[in-house]
Amino acid sequence: MPPHQEAKAHGCRNVLALRGDPPAGKEEWEAVEGGFLHSIDLVRHIRKHYGNYFDIAVAGFPHFHHLLPAERDLEMKYLKEKIDAGVNFIFTQMFYDIEIFIDWVKAVRAAGITILIVPGIAPIQIWNSFIRTTSLAKAVIPQSFSDALEPYKNDDEKVRAIGTKLVADMCRKILKADLGIRGLHFYTMDLEKATKMRLYDPSSGQTGQNHTSRTESLDEYPNGRFGDSRSPAYDELDGYGVWIKQTKEDVIKLWGHPTTFFDIAPLFSRFCMQGLAALPWSDQAPSKGTSVISTQLAQMNELGFLTINSQPAVNGARSDDKIHGWGPSNGFVYQKAYLEFFVNPTLLGLLLKHIARDSNITYYVINNRGDLRTNTHSDGPNAVTWGVFPGKEIVQPTIDEAYELGQQWAQIYDADSPSRKLITDLMENSSLVNVVHNDFQDPEAIFKPFFLAGEEYAALNAASPTMNGINGH
């Protein structure tokens, strides 16, 4: 059954017509055989085959101020054509600068578009996701937002509280402006708490909170510091899912055309030493906490352990500490050292031999087929970060996985290229390993088995020059 016929059969009456972005590795959108090239094609198809049964919305993009005048005119022309094809209303992309939105609405009206416009509002969850989503959407952050939020960027609860007020004020201004706006669309990203906080904001006329709001836990902080795998915040760090954020041009500029493992390992080392802006597994620079162990991480990568996640051991740092601090004020933060990395089978075997000599180390090994092995018999999570704060329960994080990003990196390159084959082989033959050292009072202990295994592996390579860094043989 065609999708729109199925939607009709189930009583659906509204359609948001979006083309979507090109797949990873593609600069331009390519329609499948018999498919639509533009969203206007979908609008015309729906109107032709279903008449006025469906209400249709399309996307609007207020951030067109950076375009040249001719490009802005072309964007408005395309929007007008969609409306004339039978669109009922417009949902806008997220924004925080009201003046940009107002200017765009005026331009829309000047183009003869009179249908309903629904502003897209994104509640502010935490600092990192706020920065990442605005960067992805190319949304302007007003200076007033930065001034209010950045001093508290390591205190997720404070950021959410301040962000709630900022967004609430923004919503009031939009509704009070003479723009004909009659409703708002909240992008919750499956994290509805910040939206509820906005709806129950005392300054909006609601003086109390309902039972649901009062009794919600802290499992919605989508930054890996809080939560569990059952929460919608888990493994959706920026609400956009798992995909490489760079264009193909950016990928080539950042990571070049690797043809051997020895082209890849230095990329990871440079990233740890802040000599490279991004990796497929991290589109932002390493955190301040990572800088404490950057030299050790760089050495690990040169030895063949490709690190994608890590944290140093911390024993009771204050929550306002400039490097390790997070969470509400007057608290204390503890961390076990952990490392997450890709490694070939031979080097992994050498590592596990040394890990077996340290009873404080817990490890999990998984391959791209999902086969798991571990040295722990516990079914529960191993807390690697926790904080103790006045009036709050101890809060803990969870850990995510990462083969998909490596596969997407490979697909950036041409199908028959050495780079694609190299990275594909790397993902197919490497194990993803997570190692935790449970003695958080010894910050150097976690690295010892890696350096010992790395020395043995280097000696094997010297004795057998045909060995490589992927398969280990």
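The values are calculated or read from the model by the stated rules, or taken from the named source; none is laboratory data. Because the structure is a prediction, the values reported are computed rather than measured. Cβ placement follows ideal geometry from the backbone for every residue including glycine, while neighbour counts extend to all protein chains displayed. We work out accessible area using only protein heavy atoms, side chains counted, and drop any ligands, DNA or RNA first. Shrake-Rupley method; radii C 1.70, N 1.55, O 1.52, S 1.80 Å.
What the table below lists for this structure:
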{"quantity": "Rh (Kirkwood; distinct C-alpha pairs) - region 1-82, Å", "calculated": "14.7 Å"}
{"quantity": "Å² of accessible area per residue within region 86-148, as computed with a 1.4 Å probe and no ligands counted", "calculated": "36 Å²"}
{"quantity": "Carbon plus sulfur fraction of accessible area for region 6-116, probe 1.4 Å, in percent", "calculated": "53 percent"}
{"quantity": "Net charge of Cβ neighbours under 14 Å - reference Ala7; Lys, Arg +1; Asp, Glu -1", "calculated": "0"}
{"quantity": "Heavy atoms of His257 accessible to a 1.4 Å probe, total area in Å² rounded to 10", "calculated": "120 Å²"}
{"quantity": "Å² of accessible area per residue within region 325-379, as computed with a 1.4 Å probe and no ligands counted", "calculated": "47 Å²"}
{"quantity": "Semi-axis lengths, Å, region 62-148, gyration tensor of Cα atoms, sqrt of 5 times eigenvalues", "calculated": "26, 14, 11"}
